[in-house]
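Colleague: Here's a structure for you.
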Amino acid sequence: MMLMKTRMLYLQRCCSVRAGGLLLLLLVLRVGLTTANADAISELASFSIFDKVDLAQLAKSDVKTAHGPPMSNPRFLAVQSCYVASGSSPAQQMQALRQWDATRHRELKVFLHSDLPSNPTTANFEKLRNAPNNAPVRSFVAATEKLGPDLQISKEEAKKFSAGAGGGGGGTIPAPVVAFWADVLTARTKSFVSGGMSAQPPYDHAGPSIRASDEANGLLREQGKIRNQFSGLLGSTGIGRGAGSLKPELYWELLEADDQGVVTLGASYSRSGGGGTYQAGDVLYYASGGYYVALTLYQLWPVTVEGKPSTLVWRGDMISAASLGTLHGVERLGSESVMMKNITKAVTFFRRDTSGGR
Amino acid sequence: MQRFIRRALAGCCVAPLLLLAVRVFAEENNGSWLESLSHVPFEYNAEDTYVGGGDVQRGPNKSVNDFDENDSIVHLVFTPRTKLGVLRIGTDWERFSFGLPNHAALPDTLQSVALVMGLDMQFSDSIIVRAEGQPGVYDAEFDNLGWDNFNLPFLIGGTYIYSPNLQLILGVSVDIERKYPVIPAAGVRWKIASQWLLDAVLPTPRLEYEMNKDVSVYVGANVKQTSYRVDDDFGTANGIPRLNHAILTYSEVRTGGGFDWKISPIVTFTGEVGYQPYRNFDFYRAEVRYHQDGGAPYGMISLHGAF
């Protein structure tokens, strides 16, 4: 180490004035890059549970995950993760996140995904007819036809099914079930666009009234540092509040949660910040079962690792689900572990698909 | 792993440990002690089993016939979350009562009062480890208690979470007073289908079928093995002086079927009936052993849950 430093000093003395100027410029750039890395790490430490991160080490490893802070509401669970996407900028990472298709990976159990316009019609949910014929989807159909107690809809929505039921139809999901869900999902998407999560009807079909917006706000309230870090972004979105100034990218999915088929509505937001950073938020603001609300926040910083422009990504996943409220002690640890594994799996697939992974 | 070994746990000195748990929990949540106390999570179990008339035999001629058994358990463990993991601090009491004839060289009561001191730790997204000790008094009559009535059996077990539907369990149970002080065990917890669960983990391996959200039925077993010290004059009173103050390892296996009925999110009622095919009273250091000669039917009820 000492020998290298001596040689560098000797070389510098032999350099011409011009070369010396270039070296000085490189030195300034290097200092700038080091400062950018230090800023990213220090900002990451300020709001996340990752208080010590070695970028070089992180770049060589898989995603790092850890459970979030304990929360007083037993329905809540949070996991944080971070990783380095080598060779791509935050802007490129954001673009890749927007375009990534989770349905390509069966392990992630997302059966259908479809983007939505801001003024959707029932035709936007026609893909439900193409749902795969598997046990979770069949249980989803059965739960709908019975209007079972686990179905997360409002009383008003439940009445609509009674009126619309009785028709025929074939396929994995019968036509009346498709029609019912197309109506529910269309109406909920429109109310989200006009009034954010606050305008969503409650889950009160069978049991106490639960509002997804209250759950989202509860999740953020219990993680004050994260809420502060993302206050600017969240204040411009419909997450836990009325419609914000940022335009959401809307979508719906049919996926599996707790062995049940679930239709869910989502909205993604992102915005760039100073110094090439980005923040993004992705909320599943409605689910027909399995969970009340799921929120994922992203913070992306430009960093340089081994001379390559890269992105340090922090991801915070938080979920509110009735089933979590029944877990205690080691069962809760187990569910956290499963959530961490699922996030690791999703991030690994994403990195592999976007060539940033190893 | 949650039920890797369910053992009787402790009483009189649980209070300081409980306060420690509450304090750790309060610091973790930056709340007041009183506020935290109302939020301290805990698990409980109150269980009673009646085993009908069974027989044991020692050698070719010495039998103890047609005696029944009552096994009662009360278990209370606080499970606050800390930075290290989930603490397990509590107490457990277990009492076996046997309806023995007068001439039997067997104690008619075996009981334990012990603390539960454990920790569940998350080592990674795939591995959870439990370390738990049950220091306490393991004795027959609770007369003339001394330091040698104290024992500290403990277990260390790890769960490898292969997937949400499949977990592998490895563990070791240690009890220096037992005939075999170290007993390793392996198990698997496999959700075979949406309603079927194979929970092949000692001491209560089970195959469960979930009938609905609130009711499950199962077939399975319950394996018990605990060491107790008998009274100072137990041997003299029964004509075998070498059994005075001796260590007795009591083992039994129950096999049967039952149901779990979730009455509320925090209360589950369990009923089980079956047959006890194995029972063994082993004064192994004194080389006196009564082994199973005739099995017996049993019935068990329990109320358990967690907050």
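No lab work stands behind these numbers, since they all come straight from the coordinates. The structure displayed is predicted, hence computed values, not measured ones. A quick note on method: Cβ atoms are made from the backbone with ideal geometry, for glycine too, and the neighbour counts reach across all protein chains shown.
Colleague: Based on DSSP H runs of at least 4 residues, each adding -39500 (n - 2.57), what is the mean residue ellipticity at 222 nm of chain B after dividing by all its residues, to the nearest 500 deg cm²/dmol?
Modeller: One gets -2000 deg cm²/dmol as the mean residue ellipticity at 222 nm.
Colleague: Here's a follow-up. Determine the shape class of the stretch A:62-120: with a ≥ b ≥ c the square roots of the Cα gyration tensor eigenvalues, call it rounded for a/c under 1.5, and otherwise prolate if a/b is greater than b/c, oblate otherwise.
Modeller: oblate
Colleague: Using a Förster distance of 35 Å, how high is the FRET efficiency between B:K213 and A:D101, based on the Cβ-Cβ distance and rounded to 0.05?
Modeller: Efficiency, from the Cβ-Cβ distance: 0.55.
Colleague: To the nearest whole number, what is the average tally of beta carbon atoms from other chains within 10 Å of the beta carbons of peptide A:321-330?
Modeller: 5
Colleague: Got a sec? Charge dipole of the protein assembly as shown, +1 on Cβ for Lys and Arg, -1 for Asp and Glu; which of A:T65, B:V174, A:M94 is way out at the positive end?
Modeller: The residue sitting farthest along the positive end of the dipole is A:M94.
Colleague: Let me spell out the model: positive unit charges on the Cβ of Lys and Arg, negative unit charges on the Cβ of Asp and Glu, origin at the Cα centre of the stretch B:211-258. What dipole size does that give, in debye rounded to 20?
Modeller: Around 220 debye, computed over the stretch B:211-258.
Colleague: Another question, if that's okay. Quote to one decimal, in nm, the extra length available between B:K83 and B:I156 on full extension: 0.36 nm per residue of separation minus the C-alpha distance between them.
Modeller: Fully extending the segment from B:K83 to B:I156 adds 24.3 nm.
Colleague: Something else about it: From the phi of every residue in the stretch A:176-193, what ³J(HN,Hα) in whole Hz does the Karplus formula 6.51 cos²θ - 1.76 cosθ + 1.60 yield, where θ is phi - 60° and glycine or proline is x?
Modeller: x, 5, 4, 4, 4, 5, 4, 5, 4, 5, 4, 5, 5, 5, 5, 5, 5, 4
Colleague: Could you sort B:232-241, A:209-218 so that the peptide with the highest average Cβ count within 10 Å comes first and the rest follow in order?
Modeller: Per-residue mean Cβ counts within 10 Å order the peptides as A:209-218, B:232-241.
Colleague: Once a ≥ b ≥ c are taken as the square roots of the eigenvalues of the Cα gyration tensor of the protein assembly as shown, is the result rounded (a/c under 1.5), prolate (a/b larger than b/c) or oblate (a/b not larger than b/c)?
Modeller: In terms of gyration-tensor shape, oblate.
Colleague: Right, here's the next one. If you line up the long axis of helix B:14-29 against the longest principal axis of chain B, both from Cα atoms, how many degrees apart are they, to the nearest 10?
Modeller: Here the helix axis deviates by roughly 10 degrees.
Colleague: Sort the following peptides by mean Cβ neighbour count (other Cβ atoms within 10 Å, averaged over residues), highest first: A:342-351, A:293-302.
Modeller: Most protected by this proxy first, the peptides run A:293-302, A:342-351.
Colleague: Here is a follow-up. Quick one: 3J(HN,Hα) in Hz for the stretch A:226-240, Karplus 6.51/-1.76/1.60 with θ = phi - 60°, rounded, Gly and Pro as x.
Modeller: Residue by residue, the stretch A:226-240 yields 5, 4, 5, 4, 9, 4, x, 5, 4, x, 9, 10, x, 6, x Hz.
Colleague: Here's something else I'd like to know. For chain A, with only Lys/Arg (+1) and Asp/Glu (-1) charged at the beta-carbon, what is the dipole magnitude about the Cα centre, in debye rounded to 20?
Modeller: Dipole magnitude for chain A comes out near 1200 debye.
Colleague: Whole-Hz Karplus ³J(HN,Hα) for the stretch B:130-146, in order, using 6.51 cos²θ - 1.76 cosθ + 1.60 and θ = phi - 60°, x for Gly and Pro?
Modeller: Result, ordered by residue: 10, 10, 8, x, 10, x, x, 9, 10, 8, 8, 10, 6, 9, 6, 5, x Hz.
Colleague: Sorted from largest down, give the three principal axis spans of the alpha carbons of the stretch B:155-236, whole angstrom values.
Modeller: 57, 27, 14
Colleague: Check the stretch B:14-306 and count each lysine pair with an alpha-carbon distance under 26 angstrom, considering only pairs eight or more places apart or from different chains.
Modeller: 8
Colleague: Amide H of B:D293 versus every other amide H placed in the peptide plane: which residues, excluding those fewer than 5 positions away on the same chain, fall under 5 Å?
Modeller: The list, which skips near neighbours in sequence, is B:D55, B:V56, B:Q57.
Colleague: Could you please state, rounded to a whole Å, how far the C-alpha centre of the stretch B:68-143 is from the C-alpha centre of the stretch B:47-66?
Modeller: Cα centroid of the stretch B:68-143 versus Cα centroid of the stretch B:47-66: 24 Å apart.
Colleague: About its Cα centre, what dipole magnitude does the protein assembly as shown give when the only charges are +1 on Lys and Arg Cβ and -1 on Asp and Glu Cβ, stated in debye to the nearest 20?
Modeller: Its charge dipole is roughly 3440 debye.
Colleague: Then there is this: If you take the Cα Rg of chain A and divide it by 2.2 N^0.38 Å, with N the number of residues, what do you get?
Modeller: 1.15
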